[in-house]
Each structure stands twice: as C-alpha cells, then as structure tokens.
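Each remark here refers to the structure printed beneath this line.
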Amino acid sequence: MSKHDLCCIGHITHDKVVTPKNTVHMPGGTSFYVSHAIRHLGDIDYALVTAIAEADMAVATDLMNRGVNVTVLPSACSVYFENIYGEDRDNRKQRVLSKADPFTVEQLDGVEARIFHLGALLADDFSPDVVCRLSQKGLVSIDSQGYLREVRDTKVYAVDWKEKEQALQYVHFLKANEHEMKVLTGYSDVSSAARTLYGWGVKEVLITLGSLGSVLYDGTAFHRIPAYKPREIVDATGCGDTYMAGYLSRRAKGADMREAGHFAAALSTLKIERSGPAQATVDDVNRCRDTAEKIESPVT
C-alpha cells in the first residue's frame, strides 16, 4: 500500500442543529471539515479513514465522487450530535444521541501515511495503543478538543484527558485553544502551557487564540502567528479543523512551522467568510495572506 502524505482518521458526524427559527441536519466532524479543505487545496496525496453507519454513507460517497480517497470502516452507528440553541447563540445544550465504534489498532494496521491526523470527537475514539502504533509508521497529530469531551447517558461533560501523558509521548503535533490548554496543563498562560505539553513529548505545540491568532512552540522558540481579519464573519464552525488542514498540508509539503502557521491562519479566515467547509485554493490562501489585515497576537 502506498504511503500517503497525510491521512485523517475520524468519524463523520450527523449533526442536528436546533434554533428558535428552524432545525437543520448536516454532516460535520473533524474528518469532514479537514477532507473538504484538503481536496480544494489539491496538492498533496491525502486519504480519509472514517467509520459511519450505513444510513450516513451518502456523505462518504459524496467525498469519493469529489476525488477524495476514502476508506469506510463498519460501525453500527454514526456519531450523532444534537445542538440546541436559544436566542443567545453562546448558550448551547449539547447531547450525543448515538456514538460510533472506536477505532482499533487492527483496523488501522494497513493504513500508511507520513502524517496521521486523529480527529477525535469523544474521549474514547482513540486509545493510547492506537496512538502508539500509528507513531511507529508516521507523525501523529491530535486536536485535543475531542479528548476533553465525555458522554454519559447522552449528556456531554467537559473532562480532563485521563491518559494524556501516556498518549502525548507519541504525538508530534498537538492543537489546543486557550481553554483546552488550561484543562490539560493547569496553566492559563501560553508559554507555561506550551512548555508543559512539550515536556510530555509533543514536538510541535499549536495554541490557537481565535481572533488573536495562534502561537506555535517547538521546544526552542515561540512563533507568533497573526490572525487575518475576515471581510465578514459568516460561520466559524470547523475553523479549528480547517486550521489543522492548512498547517499539516504545508508541513507535509516541506514548509517550516511559521510558513505553515501563516497558511493555516489565512485558510481559517477564508473558511469563516462562508458557510460550510472551506473551499479555498492555494492561490486563494496566498492572496488572503498578501492582502488581508493582520491582527497580531499580544501573547508572548
């Protein structure tokens, strides 16, 4: 089997979004947003491994028809999120109405890639054994968000990652936002949190700060990456996943951390300017980098 530049492994979700005005059903999840962003960039060998129920196969088939290399593993159910919003959009009630089966070492044994991005949505999606095995074949990337989300009787609870130190020794890239880094490390300042995560084994720590940009740390230097001001804020859903798609795709192409960070930030801005997943080409991203107003992070 050929070795892909980048492989995302994760469940595509079935999302039910309820607002005072209407109810909408849509696909989502890290693997969905990353795959669509990567396919528009179109310049790396990319593959997706997902696990969904037969009833949701149309989403995977659509990606295949658009040229994405997709492997679908069997699962009795898909991950089914219900998000209920009141008049205040910041006040959300979230439930998980069904869970997909976790990924196993045996299922992924034949998957080969230089970089594996694990799109965990829930705390038990990937065991430390899976992370360890994949690290023997390529560089492992993780977004910490899913590991801090536990389901009990359909209700979603914020938790710490119980096996973080066991798993992070095998992780090359780790993304966390300012809230997640505090849960993981106990530190609210970026430098202390990043150094702690690096000390646990992570080689490239990516701390995203929303509209204030991001900070990257490689054990030697902190790289401050500005945010690029969007022309209009339309939809921020999947923005973090889009950032990782941009960052990992450039690292896979040989870009250094700073260059990859700038590309990721610009791609995220283009995603915010539209509904649904990113549809920006490499030229679109470079144009945004060259023309959009930069918002420099005050964080050191």
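The values are calculated or read from the model by the stated rules, or taken from the named source; none is laboratory data. Owing to the predicted nature of the structure, the values given are computational and were not obtained by experimental measurement. Note that we place each Cβ from the backbone using ideal geometry, even for glycine, and neighbour counts take in every protein chain shown. Quick note on the areas: whole protein, heavy atoms, side chains included, nothing else; ligands and nucleic acids left out. Shrake-Rupley method; radii C 1.70, N 1.55, O 1.52, S 1.80 Å.
Filtering the stretch 241-300 to residues that are within 16 Å of residue 173 (Cβ to Cβ), open to solvent by 30 Å² or more (accessible area, probe 1.4 Å), part of a helix (DSSP H, G or I) and without any contact (Cβ under 8 Å) to a residue 24 or more places away in the chain leaves only 259.
Taking the stretch 204-230 as the range and being in a loop (DSSP other than H, G, I, E, B) and either of a type outside the set (Val, Ile, Thr) or touching a Lys or Arg at 6+ places or on another chain (Cβ under 9 Å) (or both) as the test, the residues that pass are 209, 213, 218, 219, 221, 226, 229, 230. Just wondering, is there one or more residues in the stretch 195-203 that are open to solvent by less than 10 Å² (accessible area, probe 1.4 Å), closer than 19 Å to residue 6 by Cβ and at pLDDT 95 or above? Within the stretch 195-203, one or more residues are open to solvent by less than 10 Å² (accessible area, probe 1.4 Å), closer than 19 Å to residue 6 by Cβ and at pLDDT 95 or above. Please enumerate the residues belonging to the stretch 200-223 that are within 17 Å of the chain's Cα centre (by Cα) and among the β-branched types (Val, Ile, Thr). If the condition is that a residue be within 17 Å of the chain's Cα centre (by Cα) and among the β-branched types (Val, Ile, Thr), then 202, 205, 207, 208, 215 are the ones that fit. Just one of (1) open to solvent by less than 50 Å² (accessible area, probe 1.4 Å); (2) touching a residue at least 60 places away in the same chain (Cβ under 8 Å); (3) closer than 23 Å to residue 143 by Cβ fails for residue 73. It is (2). Just one of (1) open to solvent by 30 Å² or more (accessible area, probe 1.4 Å); (2) under 18 Å from the mean Cα position of the chain (by Cα) fails for residue 192. It is (2).
Could you figure out which of (1) within 30 Å of residue 20 (Cα to Cα); (2) open to solvent by 40 Å² or more (accessible area, probe 1.4 Å); (3) touching a residue at least 12 places away in the same chain (Cβ under 8 Å) isn't true of residue 52? Looking at each condition in turn, residue 52 falls short on (2).
Evaluation of residue 105 against the conditions (1) closer than 24 Å to residue 171 by Cβ; (2) aliphatic (A, V, I, L, M); (3) surrounded by 15 or more Cβ atoms within 10 Å (Cβ to Cβ) shows that the sole unmet condition is (3). May I ask you to verify whether residue 160 is of a type outside the set (Phe, Trp, Tyr) and surrounded by fewer than 18 Cβ atoms within 10 Å (Cβ to Cβ)? Yes: the conditions hold for residue 160.
For the stretch 1-119, which strands (runs of 3 or more DSSP E) that fit wholly inside it have 2 or more residues that are within 24 Å of residue 129 (Cβ to Cβ)?
Values: elements: 4-10, 13-18, 23-28, 46-52, 69-74, 79-85, 92-98, 113-119.
Fully inside the stretch 1-119 and qualifying: 4-10, 46-52, 69-74, 113-119.
Across the stretch 130-179, the qualifying residues are those that are within 19 Å of residue 113 (Cα to Cα) and assigned to a strand (DSSP E or B), and the one among them that is nearest to the chain's Cα centre (by Cα) is 143.
Here's the yes/no breakdown for (1) more than 15 Å from the chain's Cα centre (by Cα); (2) open to solvent by 50 Å² or more (accessible area, probe 1.4 Å):
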{"residue": "8", "(1), (2)": "no, no"}
{"residue": "11", "(1), (2)": "no, no"}
{"residue": "19", "(1), (2)": "yes, no"}
{"residue": "23", "(1), (2)": "yes, yes"}
{"residue": "30", "(1), (2)": "no, no"}
{"residue": "38", "(1), (2)": "no, no"}
{"residue": "44", "(1), (2)": "yes, no"}
